[in-house]
Amino acid sequence: MDNRSEVRAFLTSRRAKVSPQQAGIPSHGRRRVEGLRRGEVAVLAGVSVEYYTRLERGTLAGASESVLDAIARALRLDDTETAHLHHLARAAAAPAARTRRVKTPEVRAPVRRVLEAMTGVPAFVRDHRFDILAANPLGTALYAPMFAAGEVLPVNSMRFTFLNPHAQGFYPDWARVARSAVAALRIAAARNPHDEHLVNLIGELSMRSDPFRAWWAAQDVYVHRHGTKRFHHPAIGDLDLDFEAFELPGDQTLTLLTYSAEPGTPSGDGLRLLAAWAARTTETSARVRHVTE
């Protein structure tokens, strides 16, 4: 990925989102640019117009943290956007490097044991490429459409979301889920700019999915930490589940995701049905294997 292009697109898109009124700048008559002008951002950040222009054109190398924070305040960036700007700056300051094959991280045995012990909630472990590396039986059952047709781990949730024809039916709020997924992938790309597999994934999705390409160009960034996600499971029906994302200390590229529901609610009852359905499916598969062997 071209760091200069990424910086330029990100800063330009954020500048366009801030109106003069939001920045406390008097505005008279028609403006030729959407949002703030470069000179206005420079004044708000306390830097020269020439310097800010150079930064926005993609030359972040050498910019101090205090300057980056000042620009973040001028552009009214949130914490996630500010962190993303700092990641872009660190990538710009690093020696030039080609994309390289980054080894798929290993899920340690103790983590797998914890995952298997979580029998009441769907759970899985994913890496920074959104590859699902490990899942407990309930997690596999919840994402049955993603694991259909004999799919084995790792399975990429981004490819499922944008390229699998069943994804839009599986996610009733598909557009919201998909757009936030793109925003999370952009953060991963800034943190791992030379990961060949990640770069190839972004290229593949850009070529094959019009919605992905449009949302990628929007330059939005988002961190999945917790929230609620709606599912329409092919066997169970509608489920509204709370998710939590835990970054694993010592395994910085791995995230443990869990889904739960309040007991006694329709979705809580749905998880119980899902567990029973998963058990029957596993038993049936075991019988089929026994017969064919």
Return the loop-located trypsin sites (Lys or Arg not before Pro) in segment 1-40 (DSSP other than H, G, I, E, B) with at most 11 other Cβ atoms within 10 Å of their own Cβ; answer none if there are none.
R30, R32
Value of relative contact order over the chain, rounded to a whole percent, pairs C-alpha under 8 Å and six or more apart
16 percent
Of the candidate values [x] 1.13; [y] 0.96; [z] 1.05, the one computed for Rg/Rh (Cα atoms, Kirkwood Rh) from this structure is [z]
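Within segment 1-105, which chymotrypsin sites (Phe, Trp or Tyr not before Pro) sit in a loop by DSSP and count at most 13 neighbouring Cβ atoms inside 10 Å? Before the final figure, lay out the partial values.
On the way: sites: F10, Y51, Y52; in loops: none.
For chymotrypsin sites (Phe, Trp or Tyr not before Pro) across segment 1-105 that sit outside H, G, I, E and B with at most 13 neighbouring Cβ atoms in 10 Å, the list is empty.
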What residue among P137, P263, P26 has the largest mean-square fluctuation in a Gaussian network model of the chain, using Cα springs under 10 Å?
P26
Give the percent of DSSP beta bridges with both residues in the chain that are antiparallel, rounded to the nearest 5.
95 percent
Of S13, S267, S27, which has the largest mean-square fluctuation in a 10 Å C-alpha GNM of the chain?
S27
Pick out which of G58, G250, G120 has the largest mean-square fluctuation in a Gaussian network model of the chain, springs linking Cα atoms closer than 10 Å.
G250
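Where a number appears in this text, it was derived from the coordinates with a stated rule and is not lab data. Computed from a prediction, not measured in an experiment: that's the story for all the values here. Cβ: placed from backbone, ideal geometry, glycine included. Neighbour counts: every protein chain shown.
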